[in-house]
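A.B. asks: Before anything else, here's the structure in question.
The values are calculated or read from the model by the stated rules, or taken from the named source; none is laboratory data. Model, not experiment: these values are computed from the prediction. Positions of Cβ are backbone-derived with ideal geometry, glycine not excepted, and every protein chain shown enters the neighbour counts.
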């Protein structure tokens, strides 16, 4: 019997953009958050129980350590008082 090899693409910071839902695992638990900003250097996300601003390299390390996951979700997890106001 021949076993097929599967090749999986690794998730990187390049897959994270504003509007993406992530699950961030921190010391005392985990929380869903929504990415609200992505610059040439940083990715920022906000959630009801966590906020984070990390460099792209830090995001890659968090993903590699299973501390940050991209979640297929269509909800916005930013608290109402922190939602950006569009002008």
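A.B. asks: For segment 1-45, how many residues are surrounded by 14 or more Cβ atoms within 10 Å (Cβ to Cβ) and modelled with pLDDT of 90 or more?
C.D. replies: Residues meeting the conditions: 19.
A.B. asks: Would you check which residues across segment 26-42 are closer than 18 Å to residue 57 by Cβ and touching a strand residue (DSSP E or B) at 6+ places or on another chain (Cβ under 7 Å) and list them?
C.D. replies: Result: 35, 37, 41, 42.
A.B. asks: Also, quick follow-up: Determine if segment 46-66 includes at least one residue that is within 10 Å of the chain's Cα centre (by Cα), surrounded by fewer than 16 Cβ atoms within 10 Å (Cβ to Cβ) and under 21 Å from residue 10 (Cα atoms).
C.D. replies: no
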